[in-house]
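Student: Pasting a structure below so you can have a look.
The values are calculated or read from the model by the stated rules, or taken from the named source; none is laboratory data. Quantities reported herein were computed from a predicted structural model and do not represent experimental measurements. Glycine gets a Cβ as well: all are built from the backbone with ideal geometry, and neighbour counts include every protein chain shown.
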């Protein structure tokens with residue numbers, strides 16, 4: 001799979017996380033979902049975890065996008081970078097359910113795997 005496609009899939013995952021987080025706070029209130037959201041709802045435990053998982057993705061996304069763009073523009077080892085980017089994508093896909101489930105060690109291990117993937121991407125630029 002190309003690095004460009006993986007970047008697009010990571011962005012799709014981010015949009016999906018935004019959707020999950022927004023909808024989780026307003027499950028049965030369609031008016032609140034489509035409204036102006038002037039008042040924030042009280043978040044359930046799952047909604048709060050989805051919010052924190054989304055915020056964590058928001059923190060990791062600039063690193064991933066920056067490294068991806070550097071590899072694509074600079075012409076680093078795109079094969080290794082693509083594998084590392086795929087590792088990041090898989091880790092981030094697993095991170096959301098691990099975070100929502102409340103398994104702290106599993107969540108932390110998955111987060112670390114994603115960070116290692118970013119480190120490998122950075123190494124391909126050297």
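Student: I need a count of the residues in region 59-82 that are without any contact (Cβ under 8 Å) to a residue 24 or more places away in the chain and closer than 21 Å to residue 13 by Cα.
Tutor: 4
Student: So, one more: Can you tell me which of (1) within 22 Å of residue 122 (Cα to Cα); (2) at pLDDT below 90 is the one residue 3 doesn't meet?
Tutor: It is condition (2) that residue 3 fails.
Student: From the set of residues in region 12-71 that are in a helix (DSSP H, G or I) and modelled with pLDDT under 70, which is surrounded by the fewest Cβ atoms within 10 Å (Cβ to Cβ)? Steps first, answer last, please.
Tutor: First, the residues of region 12-71 that are in a helix (DSSP H, G or I): 12-24, 30-34, 45-71.
Then drop every residue that is not modelled with pLDDT under 70, which leaves 30-34.
Details: 30: 9, 31: 7, 32: 18, 33: 13, 34: 9.
Only one residue tops the list, namely 31.
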